[in-house]
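What follows is a set of notes on a single structure, which appears directly below.
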Amino acid sequence: MSELDKNALLRIKPPNTQLVGSRIIVCEETTSTNDLALEHGGDGVVYVAERQKTGRGRRGRMWHSAPGRGLWFSVALSGKPEGIAFASTLAVRDALAPWCSLSIKWPNDLLLNGHKVCGILLEHKNARTAVGIGINVLHDAEDFPNELRTKATSLFIELGCRLDRSEILSAVLVQLDRRLLELRHGEYETIRNEWAVACNLLGRRIRAGAIEGQVISIDMGGALILDSPQGAHRLDSGDITILSGV
Ligand code: BTN
C-alpha cells in the first residue's frame, strides 16, 4: 500500500475538503476496500484499489471490479451516523452532474440511461462505518460478465469518452464531504427529503419479490410504505421493479 503522493496508479489530486480525504491511500490490490476502511480507517480516510479480489455488493452479492476500469473506493467514518446512505447517493449523483445525469434507483443504485453505473455498500464494524462506492468508468461491454451485460453499464459505454478517474474521485469526495458535514450539522431531514424526491417512487406501483403495491410514502429511515392487496407493507431493502406510475 502506498500513500497518495507516491501512487502511480491513479494520479489523485488531494481534494479541498474538511473531512473526507484527510488521507487517501491507494493500493494495487486488496480483498475489498471496505475491509481496509473497517479495519484501519480513521475518520475521513479514503482507500482506493485498482483491483479487488473479493469486491462485494449489497445483499451478499459479489461486486465485479474489473481491474483498472472502475473506481473502487471506500471512505472510513467514525461511528454509525444516520443518513450516510442518502448523503452518499446524492453526492455521487451531484459529482457526476457536469458529465451526465444519473438517476437514483432506490435505495442507492445510480443509473445512467436505465443501466447501473454505480453501487454503494455501507458496512459497520465496531465503531466504524465504511462507505464503499463502485463506479464503472472505463469498461467496454466485454469487461462485464455475461449475466451483467444487460443490467450494468459504464460511463465510457454511455458517454463515449474516457473520463479521468482521478477527476471523478476528487469530485465525489468533495460532494461527499459537503453532504457529510451537512449531516453532522443536523441536516438529516433535508438530505433524506432530497433523496426521497430523487428516488421518484411516490405513487408508483412496484414489485419486490412476491409483494406488489403502490408506494404511498417513504418513512424517515428510507423504507418504502406500500399499499398492497394484503394491506400496508413496509419495505426496508431489496430489489424492486417499477410496474407503473408517474
Ligand atoms: C451494490 O450495488 O451492490 C454495492 C456495490 C458496492 C461496490 C463497492 S466497490 C468499493 C467497495 N468495496 C467493495 O467490496 N464494495 C464496495
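Values quoted throughout were computed directly from the atomic coordinates according to the rules given, and no laboratory measurement underlies them. Being a predicted model, the structure only gives us computed values, none of them experimental. Quick reminder, even Gly has a Cβ in these numbers, built from the backbone with ideal geometry, and neighbours come from all protein chains shown.
Numbers at a glance
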| item | result |
| --- | --- |
| The range 43-88, subset among the basic types (Lys, Arg) and in contact (Cβ under 8 Å) with a residue 60 or more places away in the chain, residue nearest to ARG165 (Cα to Cα) | ARG69 |
| Any hit, the range 115-137, residues being of a type in the set (Ser, Thr, Tyr), closer than 23 Å to TRP195 by Cα and away from the ligand (no atom under 12 Å from the Cβ) | yes |
| Residues that are in contact with a Phe, Trp or Tyr (Cβ under 9 Å, 6 or more places away or on another chain) and of a type in the set (Asp, Glu), drawn from the range 92-111 | none |
| Entirely in the range 1-113, the strands (runs of 3 or more DSSP E) that have 2 or more residues that are more than 10 Å from the ligand (Cβ to nearest atom) and hydrophobic (A, V, I, L, M, F, W, C) | 24-30, 70-78, 109-112 |
| Residue list for the range 70-79, filter: crowded, with 20+ Cβ neighbours inside 10 Å and either more than 13 Å from the chain's Cα centre (by Cα) or among the small types (Gly, Ala, Ser) (or both) | GLY70, SER74, ALA76, LEU77 |
| Some residue of the range 186-194 being within 16 Å of the ligand (Cβ to nearest atom) and in contact (Cβ under 8 Å) with a residue 40 or more places away in the chain | no |
| Conditions (1) acidic (Asp, Glu); (2) in a helix (DSSP H, G or I); (3) in contact with a Gly (Cβ under 8 Å, 6 or more places away or on another chain); number of the one not met by ASP227 | (2) |
